[in-house]
Structures are given as structure tokens and as C-alpha cells.
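To keep things clear, I will list the structure first and then write my remarks on it.
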Amino acid sequence: FQNVFAVGAGDYETIAASQSDQALGATGGAGDRLGGLLIVPATTSPGAVSIKDGSGSAITVFAGGASSVSDLKPFFVYVGDARSLSGAWKVTTGANVSVVAFGDFT
């Protein structure tokens, strides 16, 4: 996960459960970088997590669902050094799952 922490100043943002299209950063914008997501399930049947590049289509990074995790340990989804092309990165979380997003956000 070394590259995640090499991105910009190493910003992070928390996203609570059941959020829709939460923008990352104070304003967010094209060129923002997303390194990865720490997914924190609250139950063994958490909801899904998806990301969007600005107003683009949602990309599911964790499908969630009934008994989709065997325990409540947080786990990391590596995105890389993905740069937004059309606005702020946005994160949507389902019920019983929160996220900490890492990257370089404006």
C-alpha cells in the first residue's frame, strides 16, 4: 500500500453508513487522486460501496450483501493513483458500512 500514502499530502475523509454521492474534499475537482478505501463493516451483512468520478457512472468496489463478510475487521480496497477526470470523487455507502477514503482531494 506504499503508493496510497505517496499520493499528495495523504488526505483522508470519512464517509458514514448510508451516504449517497459524498464528495471527497472541501470542493473536489478534476485531477483529485483516490488511492484507496478502508471499508469498515458494522455487521456481517453490510451494504455496498461505490465510487464515482464526478458525475460519471458508479463503480462498485464492494458489493456487500447477506453474509458477505465473515467478521467485522476493516479491509482495504486499493484503487491506485486514480485521477478524477470530471470533478470530485464521490463515495456512496450502503447500510451498516462506513469508509475512510485516502488520496489527494481539493
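The values are calculated or read from the model by the stated rules, or taken from the named source; none is laboratory data. Keep in mind the model is a prediction, meaning the values are calculated, not measured. Positions of Cβ are backbone-derived with ideal geometry, glycine not excepted, and every protein chain shown enters the neighbour counts. Surface accessibility is based on the protein's heavy atoms, side chains included, excluding ligands, DNA and RNA. Shrake-Rupley method; radii C 1.70, N 1.55, O 1.52, S 1.80 Å.
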Item to check | Stokes-Einstein D for the stretch 33-81, Kirkwood Rh over Cα pairs, 37 °C, 0.692 mPa s (µm²/s) | outcome: 282 µm²/s
Item to check | Accessible surface of the chain, 1.4 Å probe, proportion on carbon and sulfur as whole % | outcome: 54 percent
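Show me 34-45, 15-26 ranked by packing, highest mean number of other Cβ atoms within 10 Å first.
On the way: 34-45: 19.2, 15-26: 15.7.
So the order, starting with the most tightly packed, is 34-45, 15-26.
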Checklist entry - Taking a label point 7 Å from the Cα of V100 along the Cα→Cβ vector, which residues of the stretch 8-38 have an amide N closer than 20 Å to it? => result 8-19, 22-26, 33-38
Next on the checklist: For a quick size check, give me the Cα extents of the stretch 65-106 along its three principal axes, largest first, whole Å.
Outcome noted: 35, 18, 13
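Under 20 °C and 1.002 mPa s, how fast does the chain diffuse according to Stokes-Einstein, given a Kirkwood radius computed over C-alpha pairs? Answer in µm²/s, whole number.
159 µm²/s
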Item to check | Surface per residue (accessible, 1.4 Å probe) for the chain, Å² | outcome: 50 Å²
